[in-house]
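Below is one structure, written out as structure tokens; the observations come after it.
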Amino acid sequence: MFGCTIDLNKLILILILISIIIYFYLKYKLSYWSKRGVKCPPTNLIFGNFKDTITFKKPPGILLQDIYNYADKDDKYIGFYILSKPALLLRDIDLIKQIMVSEFNTFPNRMFGGKYEKDTVGLCNLLGINQPKWKYLRNKMTPSFTGGKMKTMVPLMLECCNSMLAYIDDKPANADGWKDLELKALSSRYATDVISSVAFGINTNSFHENDVAFWEAGQKILSGTKRGIIVLIYFLLPEITPLIEPLAKKPAEFFRHVFWDSMNAREISGNKRGDLVDSLLALKNGEQNPEFNFKGDNLLAQAVSFFVAGFEASSTAIAFVIYELALHPEYEQRLYDEIKGIVDKDGITMDSIKEMSFLDDVLEESLRLYPPLPIVDRIAVKDYKLPGTDLIIEKGTPIYVSINGVNRDSRYFSDPTTFNPLREKGENNKLSGSLAFGIGPRSCIGQRLGILITKIAVIQLVLNFKIFIKQEREKLLNPITIFTNAADGVYVQFQKRINNVN
């Protein structure tokens with residue numbers, strides 16, 4: 001028994017020594033920015049500055065905004081830690097442009113997914129692939145998003161809108177004719193139908209209970225606690241991506257079958273719809289480059305990335321535009337008058353949509369307040385000295401931009417938390433629209449298409465329904481997602497407009 005007591009004492013001593021070593025190691029790791037004279041918020045020994053996100057109390061977009069606001073007003077950057085990993089948050093528009101645009105060769109890659117590219121479907125696309133493959137892929141995919149290609153997609157989007165309008169019409173109304181609907185569920189079904197059509201070449205009706213397989217597959221990629229954690233790891237802790245590889249790949253099986261069925265059928269028939277499938281078939285049958293070949297999962301990855309980015313960005317943008325219009329009936333009426341005047345004269349076409357300047361203002365202001373992806377990230381591939389400072393950004397250091405922080409900064413926007421599509425456009429806020437889709441060469445390649453998908457839905461909803469909301473939400477966002485997403489949905493009421501020309 002005595003010997004056993006000695007062993008226990010030794011074990012306790014060893015554990016104490018290990019704890020002391022870990023403590024001082026973490027303290028050393030968390031002194032990275034202080035040694036370089038960079039301001040940093042108070043840190044947690046285990047979680048760094050991300051305790052509230054890791055414990056699911058606060059979404060990372062809001063957490064980065066808090067870090068942004070912790071700095072002094074004129075600070076151009078501030079340091080922070082994801083666990084014990086140091087990262088730098090940029091706070092100055094000119095510095096953001098310099099890093100993301102002028103110094104692109106030093107910061108060409110994203111943190112997203114890391115360097116492993118293991119999950120071929122999820123990461124071997126423009127969202128996660130690294131240089132030099134990224135540049136080759138970008139050049140090959142750019143022709144898929146020309147104005148001419150999008151013009152041919154407008155009728156496909158309008159067809160999907162018809163299903164959405166019919167769905168709302170079929171909903172029961174109260175005594176005053178108002179119908180309660182949850183916006184993200186509504187817009188996500190519409191976005192699913194549009195993207196399944198233009199990216200996978202198949203017609204779906206996610207508003208019909210017997211045709212929801214595509215929509216449900218999309219939910220498995222982006223929704224739920226497990227998927228939220230996986231996506232957070234992709235963005236914030238890519239070093240452990242290989243550990244979640246089996247879980248990350250599973251939802252892609254549905255898309256793999258649908259995609260190849262569509263590709264094979266299109267190749268046999270020779271029919272063309274002017275969609276992404278046509279473009280991917282041309283790439284598949286064209287000359288291949290050893291840098292990146294358009295075969296197998298490499299082809300599928302482009303369609304899946306298009307679905308993920310387009311689905312989330314468009315459905316989020318639609319939901320929050322309608323939410324803000326419901327809160328501001330004066331803007332809703334002004335937008336309705338503009339849309340109706342143009343549509344009665346010219347219908348809904350690419351050219352008529354371009355005439356809707358107030359629609360542009362409404363969408364840009366909504367994207368300023370509710371960017372679908374509120375974080376932009378890059379990683380240094382070599383040491384870089386910030387001009388005018390003694391700070392050297394070391395190779396491998398991640399750089400972040402808080403879109404919420406910039407777009408709600410009083411230096412750049414007067415009364416920045418107010419939805420005001422009539423605000424003056426000046427030099428300071430000229431980045432508000434583009435920041436929602438990233439900035440520089442790695443900005444979203446499908447930006448114009450995502451905006452078009454959003455605009456057509458907003459046009460049809462405003463044209464056909466009056467919108468009302470009972471109460472503004474105070475705590476709106478979901479803490480278990482990297483995206484801007486409502487925690488419990490966004491509910492508004494619709495009432496059919498009378499004597500309207502559709």
**OP:** Kindly state which helices (runs of 4 or more DSSP H) lie completely within segment 40-120 and contain at least 1 residues that are at pLDDT 95 or above.
**Re:** 60-70
Original post:
Would segment 22-32 turn up any residue that is open to solvent by 20 Å² or more (accessible area, probe 1.4 Å) and part of a strand (DSSP E or B)?
Top reply: no
**OP:** Those residues that are open to solvent by less than 60 Å² (accessible area, probe 1.4 Å), among the acidic types (Asp, Glu) and either touching a residue at least 40 places away in the same chain (Cβ under 8 Å) or in a loop (DSSP other than H, G, I, E, B) (or both), I need them from segment 328-351; list them, please.
**Re:** 332
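Of the residues 414, 410, only one is of a type in the set (S, T, N, Q), closer than 16 Å to residue 71 by Cα and open to solvent by 30 Å² or more (accessible area, probe 1.4 Å); which? So that I can check it myself, show each step before the final result.
Working: 414 fails: closer than 16 Å to residue 71 by Cα.
Checking each option against the conditions leaves just 410.
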Subject >> One residue from 355, 365, 338 being touching an Asp or Glu at 6+ places or on another chain (Cβ under 8 Å), farther than 30 Å from residue 61 by Cβ and of a type in the set (Asp, Glu) >> reply: 355
**OP:** From the list 51, 73, pick out the single residue that is free of Cβ contacts under 8 Å to residues at least 60 places away in the same chain and open to solvent by 60 Å² or more (accessible area, probe 1.4 Å).
**Re:** 51
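Determine whether residue 358 is within 30 Å of residue 292 (Cα to Cα) and either touching a helix residue (DSSP H, G or I) at 6+ places or on another chain (Cβ under 6 Å) or in a helix (DSSP H, G or I) (or both). It would help to see each step written out before you state the result.
Numbers: within 30 Å of residue 292 (Cα to Cα): no; either touching a helix residue (DSSP H, G or I) at 6+ places or on another chain (Cβ under 6 Å) or in a helix (DSSP H, G or I) (or both): yes.
Answer is no for this residue.
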Original post:
Restricting attention to segment 390-399, does a residue exist that is within 25 Å of residue 450 (Cβ to Cβ), under 15 Å from the mean Cα position of the chain (by Cα) and either buried (at least 18 other Cβ atoms within 10 Å of the Cβ) or modelled with pLDDT under 95 (or both)?
Top reply: no
Subject >> Checklist (1) assigned to a strand (DSSP E or B); (2) surrounded by fewer than 17 Cβ atoms within 10 Å (Cβ to Cβ) applied to residue 138, failing item >> reply: (1)
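Please pick out the residue among 363, 367, 373, 325 that is outside any helix (DSSP H, G or I) and within 19 Å of residue 417 (Cα to Cα).
Values: 363 fails: outside any helix (DSSP H, G or I); 367 fails: outside any helix (DSSP H, G or I); 325 fails: outside any helix (DSSP H, G or I).
Among 363, 367, 373, 325, only 373 is outside any helix (DSSP H, G or I) and within 19 Å of residue 417 (Cα to Cα).
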Subject >> Filter pass, residue 278 being in a helix (DSSP H, G or I), at pLDDT below 90 and more than 23 Å from the chain's Cα centre (by Cα) >> reply: yes
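The values are calculated or read from the model by the stated rules, or taken from the named source; none is laboratory data. Keep in mind that this is a model prediction, so the values were computed, not measured. Cβ sites come from the backbone with ideal geometry, for glycine too, and all protein chains shown count toward neighbours. Just so you know, the surface numbers come from the protein's heavy atoms only, side chains and all, with ligands and any DNA or RNA stripped out. Shrake-Rupley method; radii C 1.70, N 1.55, O 1.52, S 1.80 Å.
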